[in-house]
Amino acid sequence: MPTLTATHSSTDQVTDYRPRLTVDLAAVRRNLRALKNIRPGVEIMPVVKADCYGLGAEAVVPVLVDGGCSAFYVSYLEEAQALEKVARGAVFYILNAGSGAGPWTEEHRPVHYDAEALKAWQSGPCGVQIDIGMNRVGMPLSALEDMAPREDVSLVIGHMSDAGDPSSERNADQRARFEEIKSKLRQTFPRARFGLSATGGLLQKETVEEDCLRPGVGLYGAAAGSLGPLEQVATFEARVLTVFDVEPGELVGYSGRWSPQRPSKLATLAVGYADGLPRSLLGGGKVFLGGARCPYAGAVSMDLLTVDITDAPGKVKPGDWAELFGEEIKVDWLADKAGTIGYELLTAVRGRTQRVYRDSDR
């Protein structure tokens, strides 16, 4: 697989101006190893829903399998079925199974949120989520305290609402609730593994004893709230379409939302909100181009983005790659400027974007 730099000029004729997402599979491998080292001996069950947070599950999941992972979380059964060929024999827990009819198998297991649905369940192994204060999905512990023992429940999980903020007082309360869950349900579900921590909980200094962990964004190079990130995984780039000069007072882009205060040089990139770049970035977004962090100039359009390259020390010409996020423009920094989180920027990268995978370990 080719090794690609964040920003470079091409001496060859450009034939494809689509944006490009480059995924460093070796970085995923190292992030997995780093998370394992934080809690050695506790099983890692990665979250691979939403196409591994937009990075491409068919390419990323085999790296996780090679790293020793044999169970995963997805949102929908169709996601699990699509990944069977790259994770043969792996178990997939389906988080958004609802009351779906399946087909359910030993490898495809729904996670129940409703006690009545669990009582009626007779279709093989399954998981259970208990609400510990998120008030989103999950059944109350009280709904299960009188349940007869069941050996078909293979997983019991909780979900921390504030795990990305170690200072939140809710974390201690929710860890205590999880400890209560384990104490009261170990005999009810004797074959179940109990897990609480996603990336944020895993990276916190305070921990609970648990049988399994479910990191997601930490594997893929973005932060969980204020925690992380580990190593950068994804680089999102766009080609320069044109370079031109503007004078003070001229208006740039839709509604003339940007105007230079000095003679300026601009570059227009072949990327826009149809590729997942938020329109809210006009006020603070930057790209790395020509050896500098260059600010957005004008509104993000459907397919185009104009940036101010006046202060870039390097020559910029059509066909060059500009980094939208990656090593120079961190995805979490850009997300903050857009008023969102790194998760959203990663999962927003659209299907027409080229995807390139490299593995510096191979």
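Each of W321, W258, W121, W333 has its accessible area taken with a 1.4 Å probe; listed largest first, they run W333, W258, W121, W321. If you take all other residues with their beta carbon under 13 Å from the beta carbon of P313, and give Lys and Arg +1 and Asp and Glu -1, the sum is +2. Separation of the range 318-357 and the range 62-130 by C-alpha centroid, Å? Centre-to-centre distance over Cα atoms comes out at 30 Å. By a 1.4 Å probe calculation restricted to protein chains, S123 has an accessible surface near 60 Å², given to the nearest 10.
Which of the three applies to the range 77-193, rounded, prolate or oblate, going by the alpha-carbon gyration tensor with a ≥ b ≥ c and a/c under 1.5 meaning rounded? Each step should come with its number before you reach the end.
Working: a/c = 2.02, a/b = 1.36, b/c = 1.49.
Cα axes put the range 77-193 in the oblate bin.
Residue by residue, the range 348-362 carries 3J(HN,Hα) couplings of 7, 4, 7, x, 6, 5, 5, 10, 10, 10, 10, 9, 5, 7, 10 Hz when phi is fed to the Karplus relation 6.51 cos²θ - 1.76 cosθ + 1.60 (θ = phi - 60°); x denotes Gly or Pro. Exposure check, 1.4 Å probe, all protein chains in place: D51 carries approximately 70 Å² of accessible surface. Extending 7 Å from Cα along the Cβ direction at A274 and again at E78 yields two label points whose distance is 2.3 nm. Rg of the Cα atoms in the range 153-229, relative to 2.2 N^0.38 Å, amounts to 1.11. By the gyration tensor of its Cα atoms, with a ≥ b ≥ c the square roots of the eigenvalues, what is the shape of the range 134-279: rounded for a/c under 1.5, prolate for a/b over b/c, or oblate? Prolate, since a/c reaches 1.5 and a/b exceeds b/c. Across all directions, the average projected area of the convex hull around the alpha carbons of the range 291-362 is 6.6 nm².
Can you tell me what share of the DSSP beta bridges in the chain is antiparallel? A percent to the nearest 5 is fine. Walk me through the numbers on the way to the answer.
Details: 26 of 52 bridges.
Taking every DSSP beta bridge with both residues in the chain, the antiparallel ones total about 50 percent.
For V91, the amide hydrogen comes within under 5 Å of the amide hydrogens of A71, F72, counting only partners 5 or more places away or on other chains and with H modelled in the peptide plane.
Around the amide H of A198, modelled in the peptide plane, lie the amide H atoms of M160, R214, all under 5 Å away and 5 or more residues distant in sequence or on another chain.
Per-residue 3J(HN,Hα) values for the range 297-308, derived from phi via the Karplus relation 6.51 cos²θ - 1.76 cosθ + 1.60 with θ = phi - 60°, read 9, x, 5, 6, 9, 4, 10, 9, 9, 9, 10, 8 Hz in sequence order (x marks Gly and Pro). Give me D for the chain in µm² s⁻¹, whole number, from Stokes-Einstein with Rh from the Kirkwood sum over alpha-carbon pairs, 20 °C and 1.002 mPa s. Roughly 97 µm²/s, to the nearest whole number. Across q = 0.12 Å⁻¹, the range 203-362 modelled as identical point scatterers on its alpha-carbon atoms has Debye log10 I(q)/I(0) values of -0.56, in the order of the q list. The heavy atoms of T207 offer some 70 square angstrom of accessible surface to a 1.4 angstrom probe.
If you place +1 on the Cβ of every Lys and Arg, -1 on the Cβ of every Asp and Glu, and leave all else neutral, what size is the dipole of the chain about its Cα centre, to the nearest 20 Debye?
400 debye
What the phi angles of the range 119-135 give under the Karplus curve with 6.51, -1.76 and 1.60, with θ = phi - 60°, is a coupling list of 4, 7, 5, 9, 10, x, x, 8, x, 9, 10, 9, 6, 10, x, 6, 6 Hz, glycine and proline written as x.
To the nearest 500 deg cm²/dmol, what mean residue ellipticity at 222 nm is calculated for the chain from DSSP H runs of n ≥ 4 alone, each contributing -39,500 (n - 2.57), summed and divided by the residues? Can you show the working numbers first?
Working: 9 runs with 77 residues, N = 362.
Helices in the chain give a 222 nm mean residue ellipticity of -6000 deg cm²/dmol.
The equivalent ellipsoid that matches the C-alpha gyration tensor of the range 61-109 spans semi-axes of 20, 9, 9 angstrom, in descending order. Translational diffusion coefficient of the range 161-206 (Stokes-Einstein, Kirkwood radius from Cα pairs, 25 °C, 0.890 mPa s): 214 µm²/s.
A quarter of the convex hull surface defined by the alpha-carbon atoms of the range 201-251 gives 7.0 nm² as the mean projection.
The values are calculated or read from the model by the stated rules, or taken from the named source; none is laboratory data. Values in this document were obtained by computation on a predicted structure and should not be read as measured data. Please note: Cβ atoms are built from the backbone with ideal geometry, for glycine as well, and neighbour counts cover all protein chains shown. Surface areas here come from the heavy atoms of the whole protein model, side chains and all, with no ligands, DNA or RNA. Shrake-Rupley method; radii C 1.70, N 1.55, O 1.52, S 1.80 Å.
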